[in-house]
Amino acid sequence: MSDLIPAPRALTPGGGEVRLTPDSRLHAEAPVEGVARLLGGALRQATGLPLREGDGTAATGDDIRLRLRLRPGLGPEEYRLVSDGDGVLVEGGGPAGVLWGAQTLRQLLGPDAYRRAPVDRDRVWAVPHVTVEDAPRFAWRGLMLDVARHFLPKEGVLRYLDLMAAHKLNVFHFHLTDDQGWRVEIRRHPRLTEVGSWRARTKTGHRASPLWEDKPHGGYYTQDDIREIVAYAAERHITVVPEIDVPGHSQAAIAAYPELGNTDVVDTTALSVWDTWGVNPNVLAPTDTTLRFYEGVLEEVLELFPSRFVHIGGDECPKEQWRRSATAQARIRDLGLADEDALQSWFVGHFDAWLTARGRRLIGWDEILEGGLAKGAAVSSWRGYAGGIAAARAGHDVVMCPEQQVYLDHRQDPGPEEPVPIGWVRTLEDVYRFEPVPPELTPEEARHVLGTQANLWTEVMEDQGRVDYQAFPRLAAFAEVAWSDLPAPAERDFAAFDRRMAAHYRRLDALGVAYRPPSGPLPWQRRPGVLGRPADGPPPNR
Ligand code: ACM
């Protein structure tokens, strides 16, 4: 029972247990009926019990075993779970709190509560008597998934939303566009997906690799797919933050619409969707044509995604083409700008104003700080903590996602057998000891740290199995960092967390997650390191 992940604030065990029987009912107040639907659906599948629903008021009697309701006075994501002689009561300050309490309830029922059909119809399902009081440390508990480098079909995205909810994560940062693929249908610019969603071949392994897979790779989400993903996430109290990466990481868009590129320095009609990895020199031209085009893209993005924050990328934009482009240089002169960095700032500032005028907020990777940042913009601090510290000190909100700590594409073991072992070695323990709030910040500045996010870049993750392998078990440690009130990194009890992981691996097994086993890769996951980077190499340059 005390093997919950993420660890709750307080847990008091009682003596007995609440047994579920074919007569047991699940009752929920109207505002949390959605949570009851999710919990009831999952538990009916796993247990085979009918768990009939009620509104929590009409029926009485001892057949009511599970109750869900709001409790004024608790924070919106805060919950209280009491299992005693009266059954199990989950109360939350808001529906999200009730949902997180329901996730705890599922963990209390045991690993088989995560299966989609009963494996033993005769087993006894019981919730131990316990009181759990719990609330998250951070409001932004994020996971970024790059579906541009390798496309993850919609079913896989929905599955990741379920996995996030099971770990009480609540922001899905959806990296939808990059040099290697454009993954969201935009009705007014159909070539973005007709041309931009497929590449002819793919580099196998990492940058030093001499190998290619000579087979087209691609796919995209229709607007209905996106609506479904957003609605599915909303049911799980997860916000989907879309990312349209500009002005770098845009070759797929330029391949579809060559006029978006710097046509006076490169023949953009000869460009195709990029088939290798790294930082790409072919960036957007800072022209009115480009601005109007992306305003059109964002108009459709805003219709699809209700998220307050919209991510515009802003990372890794080489300025070489702008230096050589007469058009870009004329723009710098006309605007009275100092240099190409200031031109990028102007470009980002344009979309900041555009989004702000529509009631949204811009968020971008920490490069958007270079050359000055518009007031309301927020920053994803990925190149270590420095960008986040600078941003918080300047009064900008920050999501901490330093690549040194929480880039889960990075290898998790120094041994030779990690599949495509890129980046720094970051073990389960390293992630457990990650602290999102740097000690340099004053309490006032630290209030700008909205939370934290783990990032999954998929250059070397060609399918769901590889994504699972990189994400897990480390995402479980990350979830605890994001949710639980852990002490300072050096004082964290990793041994105790690791003991709780024994139960969590059984949950992940039931969920069908192809995690990295604690004792090393499974044979099918081995992909000897010749295609990757040396273990102690310089920081990776995806
Ligand atoms: C990034 O990793 N380029 C944000």
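Going through (1) on the phi > 0 side of the Ramachandran plot; (2) at pLDDT below 95 one by one, G451 falls short only on (2). Counting the residues of the stretch 491-509 that are assigned to a helix (DSSP H, G or I) and crowded, with 20+ Cβ neighbours inside 10 Å gives 5.
With surrounded by fewer than 21 Cβ atoms within 10 Å (Cβ to Cβ) and on the phi > 0 side of the Ramachandran plot as the only criterion, which of E316, E303, E320 stands out? Break it down stepwise before answering.
Numbers: E303 fails: on the phi > 0 side of the Ramachandran plot; E320 fails: on the phi > 0 side of the Ramachandran plot.
Only one candidate qualifies: E316.
With the requirement that a residue be of a type in the set (V, I, T) and more than 15 Å from the ligand (Cβ to nearest atom), what does the stretch 268-294 give you? Once the filter is applied, which keeps residues that are of a type in the set (V, I, T) and more than 15 Å from the ligand (Cβ to nearest atom), the stretch 268-294 yields T268, T269, V273, T276, T287, T289, T290.
Taking the residues in the stretch 391-410 that are away from the ligand (no atom under 16 Å from the Cβ) and of a type outside the set (D, E) as candidates, determine which candidate is surrounded by the most Cβ atoms within 10 Å (Cβ to Cβ). Of everything passing the filter in the stretch 391-410, A392 is surrounded by the most Cβ atoms within 10 Å (Cβ to Cβ). When you scan the stretch 300-323, do you find a residue that is closer than 23 Å to Y221 by Cα, away from the ligand (no atom under 16 Å from the Cβ), acidic (D, E) and out of contact with any Cys (no Cβ under 8 Å at 6 or more places or on another chain), even just one? Within the stretch 300-323, one or more residues are closer than 23 Å to Y221 by Cα, away from the ligand (no atom under 16 Å from the Cβ), acidic (D, E) and out of contact with any Cys (no Cβ under 8 Å at 6 or more places or on another chain). The C-beta contact set for the stretch 492-520 (first residue more than 12 Å from L475 (Cβ to Cβ), second residue at pLDDT below 95 and surrounded by fewer than 16 Cβ atoms within 10 Å (Cβ to Cβ), distance under 6 angstrom, 6+ apart or interchain) comprises A514/G465.
The test for being outside any strand (DSSP E or B), more than 16 Å from the ligand (Cβ to nearest atom), more than 24 Å from G359 (Cβ to Cβ) and in contact with a strand residue (DSSP E or B) (Cβ under 9 Å, 6 or more places away or on another chain) does not hold for V297. Scanning the stretch 302-315 for residues that are more than 19 Å from D179 (Cβ to Cβ) and not in a loop (DSSP other than H, G, I, E, B) returns L302, E303, L304, F309, V310. On the basis of being in contact with a strand residue (DSSP E or B) (Cβ under 8 Å, 6 or more places away or on another chain) and either surrounded by 24 or more Cβ atoms within 10 Å (Cβ to Cβ) or of a type outside the set (S, T, N, Q) (or both), does P473 make the cut? It is false that P473 is in contact with a strand residue (DSSP E or B) (Cβ under 8 Å, 6 or more places away or on another chain) and either surrounded by 24 or more Cβ atoms within 10 Å (Cβ to Cβ) or of a type outside the set (S, T, N, Q) (or both).
The values are calculated or read from the model by the stated rules, or taken from the named source; none is laboratory data. These figures come from a predicted structure and were not determined experimentally. Every residue, glycine as well, gets a Cβ built from its backbone with ideal geometry; the counts of neighbours run over all protein chains shown.
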